[in-house]
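Since the structure comes first, as structure tokens, the remarks are kept for the end.
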Amino acid sequence: MTTESSPTVFADRHIGARRQADVETMLKAVGYDSVDGLVDVAVPDSIRQSKPLALRAALSEVEVLAELRKLAGKNKTAVQMIGQGYYDTVTPAVIRRNILEAPAWYTAYTPYQPEISQGRLEALLNFQTMVQDLVGLPIANASLLDEATAVAEAVLMMRRANKNKAAHDGKTVLDIDVMPQTIAIVKGRAEALGFEVEVADLSLGLPEGAINGVVLQQPGASGRVFNHADAIAAAKERGALVTVAADLLALTLITPPGEQGADIAVGSTQRFGVPLFFGGPHAAYMAVAKGLERSMPGRLVGVSKDDAGLPAYRLALQTREQHIRREKATSNICTAQALLAIVSSFYAVYHGPDGLKAIAERVHTHARTLATALTAAGRTLTADTFFDTLTVSVPGKAATVIAAAEARGINLRHIDADTVGVSVDETTTPEVLSSVAVAFGAGPIGEAAGFELPADVLRTSDFMQHPVFNTHRSETQLLRYIRRLSDRDLALDRTMIPLGSCTMKLNATAEMEAISWPEFASIHPFAPDSQTVGWRELITGLEADLAEITGYDQVSLQPNAGSQGELAGLLAIRGYHRANGDTQRNICLIPASAHGTNAASAVLAGMKVVVVATAPDGTIDHADLNAKIETHRDALSAIMITYPSTHGVYDADVTEICDAVHAAGGQVYVDGANLNALVGLAQPGKFGGDVSHLNLHKTFCIPHGGGGPGVGPVAAKAHLAPFMPGDANKAAHEAGHGVAISASNYGSAGVLPISWAYVQLMGAEGLTEATKAALLAANYVAARLNEYFPVLYTGEGGLVAHECILDLRELTAKTGVTAEDVAKRLIDYGFHAPTLAFPVAGTLMVEPTESEDLAEIDRFINAMISIRKEIDQVADGDFTVENSPLRNAPHTASAVVNSDWTREYSREQAVFPVHHLKQDKYFPPVGRIDGAGGDRNLICSCPPLSDFEN
Ligand SMILES: *Cc1c(COP(=O)(O)O)cnc(C)c1O
């Protein structure tokens, strides 16, 4: 560790405990003389990498921003009229600066602790309400990953939920006018799961045979708006369920799918204020008819009550459902797109229903104006009824027209040699329309004539009548609403978030800077390669750096969450076995302690999950593993292990486990979400892994955003490279690639500059020192807290890796105080809780990360020690557990100023249990929330304001 800190060395700012004196204090508590001495004992020799990482030397913040400017300069912005699910939009500045670029919003964790998350939960409830109203269905979730995968989720949901005997095992039918990338994604999923997908022109009627479900798109990929009512009725007549992928802006003018009888609506909310971002991150939505909510994937915000009976928001039903239902989970989605959903919901709050309608009308009029000019010049359109997109027939001339438009700074869609697509959006001006007309060889534009939407598709119902969408018209009001919500929450900008397995480290401001630069943010995912040179250079560079860091041969950044990286990796394994003729290999061994997404992903990859037991010391039970390998030898596809394990320990014998699986012909999947314990010290690609996913929103500084965005790159050895994710927008199954995992080739491209910048700022040495600092911090917490809350698992020398599990079970048995009580009591001390009940029930898992300084870590340790004293007060009979500050935590301001205070502890103890809180006090807006009650009486839209008058 360096002793002197210089303002230009970024690692000194990223790593919290950097002063020699602090490091020595921590080492002393753990019982070591040097950090390297500790690391040498903690990390088994058998996995240590022999050479330092071969990465560029660290750059300063100024240098990194200059390089990012250069890369940005190699991209070319254009007027983006390619459409195909991605449209330019205006992010209102008040939303960009105060949400997208505001740490109170982007550094927040997923709202599993609802009492400190009321602000973002309200914003997500607004999102759900906005979607429900626009699509005409009663229950919407709080976002999915992208439109194409949302359709895939809907297809799988229809397959689970369709109870009609004749239809249940039937095929899935996609209309021919569904987006091409969506068709590719659905076919890829179907292939692994073995069900039939047929693409048919549903305007000609339904195909023969049993049909499980039907998917329509409104407007279609061609731009056509057609009345789905008959097609939906015919499908239902045959026992099929119906999903409509719909554009929310169009739905302000045209009849929503729910009113036409659709069971499910899905789509993208990108054009509600979220930049194109070269393909993502964008929030997809899903809404369902009554009765389907319990099989819906993703997170759902519901309204419940707190302990004082006041309305309070929380995640409902499926919260962490993979952890509970594992291979029976409805979906593998964990991290979704919370931050982007929040941006879209605020776009709706900003514009209100009338504003959205005005935008839609302007878009539609512009499209009609262009159609008028083009048809006057003799061009033909494939559809006379459209919202924003024209498909124009130009026999043999598509390339010429597109080049003419590009020369005028405009991108159009190349559909085929004879056909060009043009999509109008919120930013389109009459000048742009004129240039497009000229590119088509048409005359100047005039007035729109004809092409009105027919009466039978016009929307007649109201939407977004709730006051939240009709109040905040002035910027002052809106700014204060944004601030009011963020003040209700605890994010990383106020406190450490010691969440095990989630690595809530610094998201440096310099790393965030580039994401909203137009040369990165305003690039369409299907823009010509000549305009995306800088983007692709950044992506290729990051892939190469991640390959070096992990020891693998190839990396794909396409998966847009860890769960999607898992699916991509397992599908690569599947593809490999099949290419070798081993079609019977479908067993996936998964340790009992694994993250729930592992099991859910294995099922989606068409595998059968076999659980491997945990030994008493927290490692994998070798006898059980060997027995299961033996039983399934011929059918063994893979093992999925997490390293270091979810128990926060480096298992010394991981190489033996890998060897045993390889010897049986299986492949080794190493879940790399815990890579923060490995970077610079060990490489999964070198100690036995064939493939891994990483979580850039954990180890590589992309903020959690309150539950997304994420990036879950998949990294693999050369033999799996031919099965890595292909491009959904290119011909399916391009040679040398596997199936596509996300709608756009680079998934959540828009946030990749963050991780790219982190790697360049740290360099090989800084990254390695960060890992060592994370180990030191975790071991310091473990050493200091062990006598108050026993550390459940340790490895060599009694050391942990980058996180530690504190075992509350004995205290709970003795006093009744639960791990949840401790988690909630930490809120009164101003902290976000550690991970609760994962991977072991009755425990808390703490991961301080390298970014926390010693004073903050000590503040946390002191809070935990003070809480332990309160538990002792229960044991000593000072108060009962029911009447303790623990069970009644967290305490709201209104609870403690209540004049009939009847508790057996003082008000001071309730809210100022430690002195410094008198100056810096966070009061949660609600008290402890009733989870089960909210699930029984499910309310998932904005409640009437009268609920809050009290
Ligand atoms: C976070 C995590 C995942 C899932 O990642 P998402 O991005 O939330 O899908 C998988 N495995 C482990 C061990 C994790 O910690």
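Taken together, the values in this text are just the output of simple stated rules run on the coordinates, not laboratory data. Quantities reported herein were computed from a predicted structural model and do not represent experimental measurements. Every residue, glycine as well, gets a Cβ built from its backbone with ideal geometry; the counts of neighbours run over all protein chains shown.
Here are the numbers for the structure shown:
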| quantity | calculated |
| --- | --- |
| Extension reserve of the Asp659-Ala613 stretch, reckoned as 0.36 nm per residue once the Cα distance is removed | 14.7 nm |
| Inter-label distance, nm, simple model (7 Å from Cα along the C-beta direction), Lys869/Thr365 | 6.9 nm |
| Helix 118-135 axis, angle to the chain major axis (alpha carbon atoms, nearest 10°) | 20 degrees |
| Dipole of the chain, positive direction: furthest Cα of Val420, Tyr481, Pro528, with charges on the beta-carbon | Val420 |
| Set of aspartates and glutamates near Lys814 by C-alpha distance (under 17 Å), chain-local residues within fewer than 8 positions excluded | Glu787, Glu870, Asp872, Asp876, Asp878, Glu882 |
| Amide H within-cut-off set for Gln554, under 5 Å, with H built and near neighbours excluded | Ala716 |
| Förster-model FRET efficiency, 30 Å R0, Ala399 and Glu447, C-beta, rounded to 0.05 | 0.45 |
| Dipole in debye (nearest 20) - region 77-495, about Cα centre, beta carbon charges: Lys, Arg +1; Asp, Glu -1 | 1040 debye |
| Segments 123-130, 324-331, 708-715, 719-726 sorted - mean Cβ within 10 Å per residue, highest first | 708-715, 123-130, 719-726, 324-331 |
| Kirkwood Rh, Cα atoms: Rg over Rh of the chain | 0.97 |
| Ordering of 390-397, 374-381, 177-184 by packing [mean C-beta count within 10 Å, highest first] | 177-184, 390-397, 374-381 |
| Charge dipole (debye, nearest 20) of the chain; +1 at Cβ of Lys and Arg, -1 at Cβ of Asp and Glu | 1140 debye |
| Sorted peptide list for 96-109, 772-785, criterion being average Cβ within 10 angstrom, highest first | 772-785, 96-109 |
| Taking the chain and dividing mean pair separation by its residue count, relative contact order in percent (alpha carbons under 8 Å, at least six apart) | 19 percent |
| Count of Lys pairs (Cα-Cα under 23 Å; at least 8 positions apart or interchain) in region 77-495 | 16 |
| Karplus-derived 3J(HN,Hα), 6.51/-1.76/1.60, for each residue of region 573-590, Hz, glycine and proline x | 4, 4, x, 5, 4, 5, 5, 8, x, 8, 5, 7, 7, 9, 9, 10, 7, 9 |
| Region 77-495: relative contact order as a whole-number percent, Cα under 8 Å and 6+ apart | 25 percent |
| Signed unit charges on C-beta, dipole axis of the chain, positive-most listed residue Val612, Gln20, Ala404 | Ala404 |
| Residues whose placed amide H lies under 5 Å from that of Ile211, excluding near-sequence neighbours | Lys171 |
| Kirkwood-Stokes translational diffusion coefficient of region 518-760, alpha-carbon pairs, 37 °C, 0.692 mPa s, µm²/s | 181 µm²/s |
| Listed residue (Gly569, Thr550, Tyr313) projecting farthest to the positive dipole end of the chain, Cβ model | Tyr313 |
| Fully extended contour minus Cα-Cα distance, from Arg633 to Gln477, at 0.36 nm per residue | 49.7 nm |
| Spin-label proximity, Asn227 to region 366-387 - amide N less than 11 Å from point 7 Å beyond Cα toward beta carbon | none |
| Estimated 222 nm signal from helices in the chain, with DSSP H stretches of n ≥ 4 weighted -39500 (n - 2.57), rounded to 500 | -11000 deg cm²/dmol |
| Other-chain or far-sequence residues with amide H under 5 Å of Val242's (modelled H) | Val214, Asp263, Ile264 |
| Gained length - Asp456 relative to Ser906, 0.36 nm times residue gap less alpha-carbon distance | 155.3 nm |
| Virtual spin-label span in nm between Ala623 and Ile324, 7 Å along Cα→Cβ | 3.4 nm |
